[in-house]
1. Which number in (1) more than 26 Å from Phe204 (Cα to Cα); (2) in contact (Cβ under 8 Å) with a residue 12 or more places away in the chain; (3) of a type outside the set (Phe, Trp, Tyr); (4) surrounded by fewer than 17 Cβ atoms within 10 Å (Cβ to Cβ) marks the one condition that Leu47 misses?
2. Checking Ile87 against (1) of a type in the set (A, V, I, L, M, F, W, C); (2) surrounded by fewer than 16 Cβ atoms within 10 Å (Cβ to Cβ); (3) without any contact (Cβ under 8 Å) to a residue 24 or more places away in the chain; (4) closer than 20 Å to Gly192 by Cβ: exactly one of these is not met. Which one?
3. Tally up the residues in segment 95-107 that are surrounded by 19 or more Cβ atoms within 10 Å (Cβ to Cβ) and either out of contact with any Leu (no Cβ under 7 Å at 6 or more places or on another chain) or farther than 21 Å from Ala207 by Cα (or both), please.
4. For segment 14-21, does any single residue satisfy the condition of being of a type in the set (Ser, Thr, Tyr), modelled with pLDDT under 95 and not in a helix (DSSP H, G or I)?
5. When the residues of segment 397-426 are narrowed to those that are free of Cβ contacts under 8 Å to residues at least 40 places away in the same chain and part of a loop (DSSP other than H, G, I, E, B), which ends up nearest to the chain's Cα centre (by Cα)?
6. So if I check each of Ala169, Ala160, Ala125, which one is out of contact with any helix residue (DSSP H, G or I) (no Cβ under 8 Å at 6 or more places or on another chain) and among the small types (Gly, Ala, Ser)?
7. Give the residue that is surrounded by the fewest Cβ atoms within 10 Å (Cβ to Cβ), with candidates limited to residues of segment 204-257 that are among the β-branched types (Val, Ile, Thr) and either over 21 Å from Thr114 (Cβ atoms) or touching a Phe, Trp or Tyr at 6+ places or on another chain (Cβ under 7 Å) (or both).
8. Hey, can you tell me all the residues within segment 360-396 that are touching a Gly at 6+ places or on another chain (Cβ under 9 Å) and either assigned to a loop (DSSP other than H, G, I, E, B) or not small (Gly, Ala, Ser) (or both)?
Amino acid sequence: MGTRLSDSPMYAHLWGTPELEQIFSEEARLQTWLDILVVLARSQATLGIIPAEAAEQIAGRARVPLLDLAFVAERTRTTGHSTLGLIQGLEQVLGERAREYVYFGATVQDLTDTWFGLVMRDVGAIVWRDLCAIETTLLDLAERHRDTVMAGRTHGQPGAPVTFGWKAASWADELYRHRERLRQGRPRWAVGQLAGAVGSLAFFGAAGPGLRASYCAALGLADPGISWLTARDRVAEFGQLLAAVCATLGRIGTEVYELQRPEIGELREPVTGQGVGSITMPHKRNPEIAEHLDTLARLARSSAGVLLESMVGQHERDGRAWKAEWLALPEVCLLTGASLRFGRRLLDGLEVDAAAMQRNARGLGSEQVLAGLAGQLGKHRAQRLLQQVLASASPDELPARLEGLGVAEAAQVRSWLDRDVVEVTRLMVDHVVSRGRASLAERPAW
(Lines give C-alpha, C1' and ligand atoms only; values in the text may rest on other atoms or scores of the structure.)
Protein backbone atom coordinates (compact mmCIF):
# COMPACT_ATOMS: atom_id res chain seq x y z
CA MET A 1 0.00 0.00 0.00
CA GLY A 2 1.34 3.45 -0.86
CA THR A 3 1.96 5.98 1.88
CA ARG A 4 1.05 8.84 -0.45
CA LEU A 5 -2.46 9.41 -1.71
CA SER A 6 -1.08 9.51 -5.25
CA ASP A 7 0.11 5.90 -4.79
CA SER A 8 -3.17 4.67 -3.33
CA PRO A 9 -4.97 1.94 -5.31
CA MET A 10 -8.18 3.85 -4.64
CA TYR A 11 -6.99 7.31 -5.70
CA ALA A 12 -3.97 6.88 -7.98
CA HIS A 13 -6.17 7.36 -11.07
CA LEU A 14 -6.65 10.99 -10.03
CA TRP A 15 -2.95 11.86 -10.15
CA GLY A 16 -1.45 9.86 -13.02
CA THR A 17 -2.05 7.31 -15.77
CA PRO A 18 -1.00 3.67 -16.13
CA GLU A 19 0.96 4.63 -19.23
CA LEU A 20 3.09 7.13 -17.33
CA GLU A 21 3.36 4.93 -14.27
CA GLN A 22 5.08 2.42 -16.57
CA ILE A 23 7.76 5.04 -17.20
CA PHE A 24 8.24 6.07 -13.58
CA SER A 25 7.68 2.84 -11.66
CA GLU A 26 10.64 1.53 -9.67
CA GLU A 27 11.21 -1.45 -11.95
CA ALA A 28 10.87 0.57 -15.15
CA ARG A 29 13.23 3.27 -13.89
CA LEU A 30 15.86 0.76 -12.77
CA GLN A 31 15.66 -1.11 -16.06
CA THR A 32 16.08 2.12 -18.01
CA TRP A 33 19.12 2.96 -15.89
CA LEU A 34 20.55 -0.49 -16.64
CA ASP A 35 19.82 -0.03 -20.34
CA ILE A 36 21.74 3.25 -20.25
CA LEU A 37 24.71 1.48 -18.64
CA VAL A 38 24.57 -1.17 -21.37
CA VAL A 39 24.67 1.48 -24.10
CA LEU A 40 27.55 3.21 -22.34
CA ALA A 41 29.54 -0.04 -22.12
CA ARG A 42 28.91 -0.91 -25.77
CA SER A 43 29.86 2.58 -26.91
CA GLN A 44 33.06 2.33 -24.87
CA ALA A 45 33.82 -1.10 -26.34
CA THR A 46 33.33 0.20 -29.89
CA LEU A 47 35.98 2.85 -29.23
CA GLY A 48 38.32 0.37 -27.54
CA ILE A 49 37.95 1.91 -24.09
CA ILE A 50 36.77 -1.36 -22.49
CA PRO A 51 36.93 -4.96 -23.74
CA ALA A 52 34.10 -6.00 -26.05
CA GLU A 53 33.47 -9.20 -24.06
CA ALA A 54 32.95 -7.13 -20.89
CA ALA A 55 30.40 -4.94 -22.65
CA GLU A 56 28.49 -7.95 -23.95
CA GLN A 57 28.45 -9.61 -20.55
CA ILE A 58 27.07 -6.40 -19.02
CA ALA A 59 24.44 -6.31 -21.77
CA GLY A 60 23.44 -9.89 -21.09
CA ARG A 61 23.11 -9.54 -17.31
CA ALA A 62 21.82 -5.99 -16.80
CA ARG A 63 18.23 -7.06 -16.14
CA VAL A 64 16.16 -6.14 -13.11
CA PRO A 65 14.86 -9.72 -12.54
CA LEU A 66 18.46 -10.92 -12.18
CA LEU A 67 19.30 -8.45 -9.41
CA ASP A 68 18.81 -8.88 -5.69
CA LEU A 69 16.79 -5.71 -5.19
CA ALA A 70 16.75 -6.09 -1.40
CA PHE A 71 20.57 -6.08 -1.50
CA VAL A 72 20.56 -3.07 -3.84
CA ALA A 73 18.25 -1.16 -1.48
CA GLU A 74 20.26 -2.11 1.62
CA ARG A 75 23.56 -1.04 0.02
CA THR A 76 22.01 2.21 -1.17
CA ARG A 77 20.95 3.01 2.39
CA THR A 78 24.22 1.85 3.97
CA THR A 79 26.61 3.60 1.60
CA GLY A 80 24.57 6.80 1.36
CA HIS A 81 25.38 6.83 -2.38
CA SER A 82 22.57 7.18 -4.88
CA THR A 83 23.62 4.40 -7.27
CA LEU A 84 26.44 2.44 -5.60
CA GLY A 85 23.90 -0.15 -4.43
CA LEU A 86 22.81 -0.66 -8.05
CA ILE A 87 26.43 -0.95 -9.19
CA GLN A 88 27.21 -3.52 -6.51
CA GLY A 89 24.03 -5.42 -7.29
CA LEU A 90 25.03 -5.60 -10.94
CA GLU A 91 28.56 -6.68 -10.00
CA GLN A 92 27.03 -9.65 -8.17
CA VAL A 93 25.66 -11.10 -11.40
CA LEU A 94 28.73 -10.43 -13.56
CA GLY A 95 31.97 -12.29 -14.03
CA GLU A 96 35.06 -10.93 -12.32
CA ARG A 97 36.54 -9.26 -15.41
CA ALA A 98 33.32 -7.55 -16.50
CA ARG A 99 32.67 -6.14 -13.02
CA GLU A 100 35.49 -3.64 -13.37
CA TYR A 101 33.86 -2.08 -16.41
CA VAL A 102 30.40 -1.38 -14.97
CA TYR A 103 29.76 2.36 -14.81
CA PHE A 104 33.25 2.92 -16.22
CA GLY A 105 34.17 6.60 -15.85
CA ALA A 106 30.55 7.66 -15.33
CA THR A 107 28.80 9.39 -12.43
CA VAL A 108 25.32 9.34 -10.90
CA GLN A 109 24.33 12.42 -12.80
CA ASP A 110 25.44 10.97 -16.13
CA LEU A 111 22.98 8.17 -15.50
CA THR A 112 20.07 10.16 -14.08
CA ASP A 113 20.34 13.14 -16.43
CA THR A 114 20.40 10.81 -19.42
CA TRP A 115 17.30 9.17 -17.97
CA PHE A 116 15.75 12.65 -17.79
CA GLY A 117 16.53 13.13 -21.49
CA LEU A 118 14.71 9.88 -22.28
CA VAL A 119 11.83 10.85 -19.96
CA MET A 120 11.39 14.24 -21.59
CA ARG A 121 11.46 12.63 -25.04
CA ASP A 122 8.96 9.89 -24.19
CA VAL A 123 6.62 11.96 -22.02
CA GLY A 124 6.73 14.72 -24.62
CA ALA A 125 5.48 12.23 -27.23
CA ILE A 126 2.54 11.27 -24.98
CA VAL A 127 1.69 14.91 -24.32
CA TRP A 128 1.91 15.67 -28.05
CA ARG A 129 -0.45 12.81 -28.88
CA ASP A 130 -3.06 13.89 -26.33
CA LEU A 131 -2.79 17.57 -27.25
CA CYS A 132 -3.45 16.64 -30.88
CA ALA A 133 -6.53 14.66 -29.85
CA ILE A 134 -7.93 17.43 -27.64
CA GLU A 135 -7.21 20.14 -30.18
CA THR A 136 -9.05 18.08 -32.83
CA THR A 137 -12.08 17.81 -30.54
CA LEU A 138 -12.01 21.54 -29.88
CA LEU A 139 -11.76 22.38 -33.58
CA ASP A 140 -14.81 20.19 -34.16
CA LEU A 141 -16.67 22.04 -31.37
CA ALA A 142 -15.60 25.39 -32.79
CA GLU A 143 -16.85 24.50 -36.25
CA ARG A 144 -20.09 22.97 -34.99
CA HIS A 145 -20.90 26.00 -32.82
CA ARG A 146 -19.52 28.70 -35.10
CA ASP A 147 -22.92 30.42 -35.05
CA THR A 148 -24.08 29.48 -31.53
CA VAL A 149 -24.51 32.86 -29.87
CA MET A 150 -23.79 33.10 -26.15
CA ALA A 151 -22.98 35.76 -23.59
CA GLY A 152 -19.40 36.90 -23.47
CA ARG A 153 -18.55 37.60 -19.84
CA THR A 154 -16.02 39.87 -18.17
CA HIS A 155 -15.42 40.09 -14.43
CA GLY A 156 -17.90 37.23 -14.09
CA GLN A 157 -20.75 39.33 -15.54
CA PRO A 158 -22.56 39.11 -18.90
CA GLY A 159 -21.03 41.64 -21.27
CA ALA A 160 -21.65 41.31 -25.01
CA PRO A 161 -22.55 38.47 -27.40
CA VAL A 162 -19.90 36.06 -28.71
CA THR A 163 -20.26 32.50 -29.99
CA PHE A 164 -19.45 29.26 -28.26
CA GLY A 165 -17.49 28.26 -31.37
CA TRP A 166 -15.29 31.31 -30.80
CA LYS A 167 -14.71 30.31 -27.17
CA ALA A 168 -13.82 26.74 -28.18
CA ALA A 169 -11.52 28.11 -30.88
CA SER A 170 -9.65 30.18 -28.29
CA TRP A 171 -9.05 26.99 -26.30
CA ALA A 172 -7.87 25.16 -29.43
CA ASP A 173 -5.59 28.04 -30.36
CA GLU A 174 -3.90 27.90 -26.95
CA LEU A 175 -3.29 24.17 -27.31
CA TYR A 176 -1.89 24.80 -30.79
CA ARG A 177 0.72 27.08 -29.23
CA HIS A 178 1.59 24.42 -26.66
CA ARG A 179 2.15 21.97 -29.52
CA GLU A 180 4.44 24.49 -31.17
CA ARG A 181 6.38 24.86 -27.91
CA LEU A 182 6.72 21.08 -27.67
CA ARG A 183 7.94 20.82 -31.25
CA GLN A 184 10.44 23.64 -30.81
CA GLY A 185 11.69 22.35 -27.46
CA ARG A 186 12.28 18.71 -28.38
CA PRO A 187 15.85 19.26 -29.72
CA ARG A 188 16.74 21.09 -26.51
CA TRP A 189 15.32 18.52 -24.08
CA ALA A 190 15.99 15.11 -25.67
CA VAL A 191 19.72 15.11 -24.97
CA GLY A 192 22.05 12.80 -23.05
CA GLN A 193 24.61 13.50 -20.38
CA LEU A 194 28.14 12.15 -20.15
CA ALA A 195 30.19 14.60 -18.16
CA GLY A 196 32.31 12.75 -15.62
CA ALA A 197 33.39 14.13 -12.29
CA VAL A 198 33.11 17.89 -12.89
CA GLY A 199 31.91 17.98 -16.50
CA SER A 200 35.32 17.99 -18.18
CA LEU A 201 35.21 14.36 -19.42
CA ALA A 202 38.83 14.12 -18.22
CA PHE A 203 38.53 10.41 -17.38
CA PHE A 204 38.32 9.61 -21.10
CA GLY A 205 40.77 12.21 -22.34
CA ALA A 206 40.58 13.07 -26.03
CA ALA A 207 38.16 10.17 -26.61
CA GLY A 208 35.50 11.84 -24.43
CA PRO A 209 33.60 13.89 -27.03
CA GLY A 210 33.44 11.00 -29.49
CA LEU A 211 32.26 8.63 -26.78
CA ARG A 212 29.54 11.05 -25.73
CA ALA A 213 28.34 11.45 -29.31
CA SER A 214 28.25 7.66 -29.87
CA TYR A 215 26.52 7.04 -26.53
CA CYS A 216 23.82 9.67 -27.13
CA ALA A 217 23.16 8.50 -30.69
CA ALA A 218 22.73 4.90 -29.55
CA LEU A 219 20.11 6.04 -27.03
CA GLY A 220 18.21 8.07 -29.63
CA LEU A 221 19.20 11.31 -27.92
CA ALA A 222 21.06 14.37 -29.15
CA ASP A 223 24.61 15.19 -28.10
CA PRO A 224 24.41 18.28 -25.85
CA GLY A 225 27.82 19.53 -27.03
CA ILE A 226 28.78 20.55 -23.49
CA SER A 227 28.15 19.10 -20.05
CA TRP A 228 25.04 20.45 -18.30
CA LEU A 229 25.54 19.31 -14.70
CA THR A 230 24.32 22.56 -13.12
CA ALA A 231 22.65 24.01 -16.24
CA ARG A 232 19.14 22.84 -15.39
CA ASP A 233 17.21 25.06 -17.79
CA ARG A 234 16.20 22.09 -19.97
CA VAL A 235 14.39 20.31 -17.16
CA ALA A 236 12.91 23.56 -15.84
CA GLU A 237 11.62 24.57 -19.29
CA PHE A 238 10.03 21.17 -19.86
CA GLY A 239 8.33 21.28 -16.45
CA GLN A 240 7.10 24.82 -17.02
CA LEU A 241 5.55 23.81 -20.35
CA LEU A 242 3.78 20.84 -18.75
CA ALA A 243 2.46 23.13 -16.02
CA ALA A 244 1.24 25.54 -18.72
CA VAL A 245 -0.58 22.69 -20.48
CA CYS A 246 -2.27 21.83 -17.17
CA ALA A 247 -3.13 25.51 -16.65
CA THR A 248 -4.84 25.67 -20.05
CA LEU A 249 -6.86 22.57 -19.24
CA GLY A 250 -7.60 24.13 -15.86
CA ARG A 251 -8.93 27.23 -17.64
CA ILE A 252 -11.20 25.07 -19.77
CA GLY A 253 -12.32 23.14 -16.71
CA THR A 254 -13.09 26.36 -14.84
CA GLU A 255 -15.27 27.55 -17.74
CA VAL A 256 -17.26 24.31 -17.68
CA TYR A 257 -17.44 24.49 -13.86
CA GLU A 258 -18.95 27.98 -14.07
CA LEU A 259 -21.23 27.47 -17.06
CA GLN A 260 -22.66 24.24 -15.63
CA ARG A 261 -24.22 26.16 -12.72
CA PRO A 262 -28.00 25.60 -13.04
CA GLU A 263 -28.72 29.34 -13.10
CA ILE A 264 -26.54 29.52 -16.25
CA GLY A 265 -26.91 25.98 -17.61
CA GLU A 266 -24.96 26.40 -20.84
CA LEU A 267 -22.49 23.51 -20.54
CA ARG A 268 -22.49 20.17 -18.74
CA GLU A 269 -19.72 17.67 -18.35
CA PRO A 270 -20.50 14.06 -19.28
CA VAL A 271 -21.66 11.60 -16.66
CA THR A 272 -21.67 7.82 -16.52
CA GLY A 273 -24.57 5.69 -15.38
CA GLN A 274 -22.72 4.92 -12.15
CA GLY A 275 -21.64 8.50 -11.44
CA VAL A 276 -22.83 10.08 -8.18
CA GLY A 277 -23.07 13.83 -7.81
CA SER A 278 -23.81 14.14 -4.11
CA ILE A 279 -24.58 11.50 -1.48
CA THR A 280 -26.64 14.00 0.54
CA MET A 281 -28.26 16.13 -2.20
CA PRO A 282 -29.40 13.76 -4.97
CA HIS A 283 -30.53 16.56 -7.27
CA LYS A 284 -26.96 17.80 -7.76
CA ARG A 285 -24.81 17.10 -10.82
CA ASN A 286 -21.36 18.13 -9.66
CA PRO A 287 -18.70 19.11 -12.23
CA GLU A 288 -16.18 16.64 -10.81
CA ILE A 289 -13.91 16.47 -13.86
CA ALA A 290 -13.94 20.20 -14.47
CA GLU A 291 -12.94 21.09 -10.93
CA HIS A 292 -10.28 18.36 -10.79
CA LEU A 293 -8.58 19.91 -13.81
CA ASP A 294 -8.01 23.02 -11.71
CA THR A 295 -6.68 20.91 -8.82
CA LEU A 296 -4.19 19.20 -11.13
CA ALA A 297 -3.08 22.54 -12.56
CA ARG A 298 -2.32 23.87 -9.06
CA LEU A 299 -0.22 20.83 -8.19
CA ALA A 300 1.60 20.91 -11.54
CA ARG A 301 2.58 24.54 -10.99
CA SER A 302 3.95 23.60 -7.58
CA SER A 303 6.18 20.85 -8.97
CA ALA A 304 7.27 23.01 -11.91
CA GLY A 305 8.28 25.68 -9.40
CA VAL A 306 10.67 23.21 -7.76
CA LEU A 307 12.25 22.55 -11.17
CA LEU A 308 12.71 26.27 -11.70
CA GLU A 309 14.38 26.55 -8.29
CA SER A 310 16.88 23.89 -9.39
CA MET A 311 18.30 26.27 -12.00
CA VAL A 312 20.17 28.03 -9.20
CA GLY A 313 22.95 25.49 -8.60
CA GLN A 314 26.43 25.82 -7.18
CA HIS A 315 29.69 25.33 -9.09
CA GLU A 316 29.93 22.20 -11.28
CA ARG A 317 27.64 19.90 -9.31
CA ASP A 318 24.97 20.62 -6.69
CA GLY A 319 22.95 17.70 -5.39
CA ARG A 320 20.50 20.03 -3.68
CA ALA A 321 19.25 21.12 -7.09
CA TRP A 322 19.13 18.01 -9.23
CA LYS A 323 18.03 15.61 -6.50
CA ALA A 324 14.92 17.74 -5.98
CA GLU A 325 14.17 17.11 -9.66
CA TRP A 326 14.01 13.34 -9.01
CA LEU A 327 10.69 13.93 -7.24
CA ALA A 328 9.44 17.02 -9.06
CA LEU A 329 9.90 15.95 -12.69
CA PRO A 330 8.04 12.62 -12.40
CA GLU A 331 5.32 14.39 -10.41
CA VAL A 332 4.64 17.09 -13.00
CA CYS A 333 4.71 14.46 -15.77
CA LEU A 334 2.18 12.24 -13.97
CA LEU A 335 -0.08 15.19 -13.16
CA THR A 336 0.01 16.35 -16.77
CA GLY A 337 -0.88 12.88 -18.00
CA ALA A 338 -3.86 12.80 -15.67
CA SER A 339 -4.90 16.29 -16.74
CA LEU A 340 -4.80 15.36 -20.42
CA ARG A 341 -6.77 12.18 -19.78
CA PHE A 342 -9.47 14.05 -17.85
CA GLY A 343 -9.45 16.85 -20.42
CA ARG A 344 -10.12 14.38 -23.22
CA ARG A 345 -12.92 12.78 -21.26
CA LEU A 346 -14.52 16.14 -20.46
CA LEU A 347 -14.44 17.50 -23.99
CA ASP A 348 -15.26 14.30 -25.84
CA GLY A 349 -18.59 14.14 -24.02
CA LEU A 350 -19.25 17.84 -23.37
CA GLU A 351 -22.95 18.73 -23.50
CA VAL A 352 -23.75 22.13 -25.04
CA ASP A 353 -27.14 23.75 -24.44
CA ALA A 354 -27.42 26.18 -27.34
CA ALA A 355 -30.91 27.32 -26.28
CA ALA A 356 -29.66 28.32 -22.84
CA MET A 357 -26.75 30.18 -24.43
CA GLN A 358 -29.08 32.13 -26.70
CA ARG A 359 -31.42 32.89 -23.81
CA ASN A 360 -28.61 34.20 -21.61
CA ALA A 361 -27.29 36.42 -24.41
CA ARG A 362 -30.50 38.45 -24.72
CA GLY A 363 -30.38 42.10 -23.83
CA LEU A 364 -26.61 42.47 -24.27
CA GLY A 365 -26.67 45.13 -26.96
CA SER A 366 -25.34 48.16 -25.11
CA GLU A 367 -21.99 47.99 -26.94
CA GLN A 368 -23.71 48.29 -30.34
CA VAL A 369 -25.76 51.24 -29.16
CA LEU A 370 -22.65 52.87 -27.70
CA ALA A 371 -20.88 52.48 -31.04
CA GLY A 372 -23.85 54.03 -32.84
CA LEU A 373 -24.26 56.95 -30.44
CA ALA A 374 -20.53 57.63 -30.33
CA GLY A 375 -20.67 58.96 -33.88
CA GLN A 376 -23.33 61.48 -32.85
CA LEU A 377 -22.41 62.45 -29.28
CA GLY A 378 -18.82 61.38 -28.89
CA LYS A 379 -17.83 58.13 -27.24
CA HIS A 380 -17.47 59.33 -23.66
CA ARG A 381 -20.65 61.44 -23.63
CA ALA A 382 -22.54 58.48 -25.13
CA GLN A 383 -21.16 56.11 -22.49
CA ARG A 384 -22.21 58.37 -19.63
CA LEU A 385 -25.68 58.82 -21.10
CA LEU A 386 -26.24 55.08 -21.63
CA GLN A 387 -25.03 54.21 -18.16
CA GLN A 388 -27.48 56.72 -16.72
CA VAL A 389 -30.41 55.52 -18.84
CA LEU A 390 -29.77 51.81 -18.22
CA ALA A 391 -29.65 52.34 -14.48
CA SER A 392 -33.45 52.65 -14.58
CA ALA A 393 -34.46 51.07 -17.90
CA SER A 394 -34.35 47.57 -19.32
CA PRO A 395 -32.54 46.96 -22.62
CA ASP A 396 -35.93 46.55 -24.34
CA GLU A 397 -36.87 50.08 -23.29
CA LEU A 398 -33.70 51.64 -24.67
CA PRO A 399 -34.98 52.64 -28.13
CA ALA A 400 -37.96 54.53 -26.70
CA ARG A 401 -35.91 56.15 -23.91
CA LEU A 402 -33.22 57.44 -26.28
CA GLU A 403 -35.85 58.74 -28.71
CA GLY A 404 -37.55 60.47 -25.82
CA LEU A 405 -34.29 62.18 -24.92
CA GLY A 406 -33.94 63.36 -28.51
CA VAL A 407 -30.54 61.73 -29.10
CA ALA A 408 -31.59 59.01 -31.58
CA GLU A 409 -34.70 57.70 -33.28
CA ALA A 410 -36.10 54.43 -31.93
CA ALA A 411 -35.83 52.76 -35.34
CA GLN A 412 -32.19 53.75 -35.55
CA VAL A 413 -31.47 52.32 -32.08
CA ARG A 414 -33.22 49.09 -33.04
CA SER A 415 -31.07 48.87 -36.17
CA TRP A 416 -27.96 49.16 -33.98
CA LEU A 417 -29.27 46.42 -31.71
CA ASP A 418 -30.03 44.18 -34.70
CA ARG A 419 -26.50 44.45 -36.11
CA ASP A 420 -24.63 41.15 -36.49
CA VAL A 421 -22.10 41.53 -33.69
CA VAL A 422 -20.60 38.06 -34.01
CA GLU A 423 -19.58 38.42 -37.64
CA VAL A 424 -15.91 38.85 -36.78
CA THR A 425 -15.93 36.04 -34.24
CA ARG A 426 -16.96 33.72 -37.08
CA LEU A 427 -13.96 34.86 -39.12
CA MET A 428 -11.68 34.18 -36.15
CA VAL A 429 -13.14 30.70 -35.78
CA ASP A 430 -12.56 30.01 -39.45
CA HIS A 431 -8.94 31.14 -39.16
CA VAL A 432 -8.20 28.98 -36.10
CA VAL A 433 -9.93 25.92 -37.55
CA SER A 434 -8.17 26.22 -40.91
CA ARG A 435 -4.72 26.70 -39.41
CA GLY A 436 -5.22 24.06 -36.73
CA ARG A 437 -6.39 21.37 -39.13
CA ALA A 438 -3.52 22.12 -41.53
CA SER A 439 -1.01 21.89 -38.69
CA LEU A 440 -2.42 18.61 -37.41
CA ALA A 441 -2.32 17.15 -40.91
CA GLU A 442 1.30 18.21 -41.46
CA ARG A 443 2.69 16.96 -38.12
CA PRO A 444 0.85 13.80 -37.06
CA ALA A 445 3.72 12.69 -34.81
CA TRP A 446 6.08 14.53 -32.47
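The values are calculated or read from the model by the stated rules, or taken from the named source; none is laboratory data. Bear in mind the structure is a predicted one, so any value in this text is a computation, not a measurement. Ideal geometry is used to build each Cβ from the backbone, glycine not excepted, and the neighbour counts take in all protein chains shown.
1. (1)
2. Failed condition: (2).
3. Count: 4.
4. Among the residues of segment 14-21, not one is of a type in the set (Ser, Thr, Tyr), modelled with pLDDT under 95 and not in a helix (DSSP H, G or I), which makes the answer no.
5. Result: Asp420.
6. Ala125
7. Thr254
8. Asn360, Ala361, Leu364, Glu367, Ser394, Pro395, Asp396
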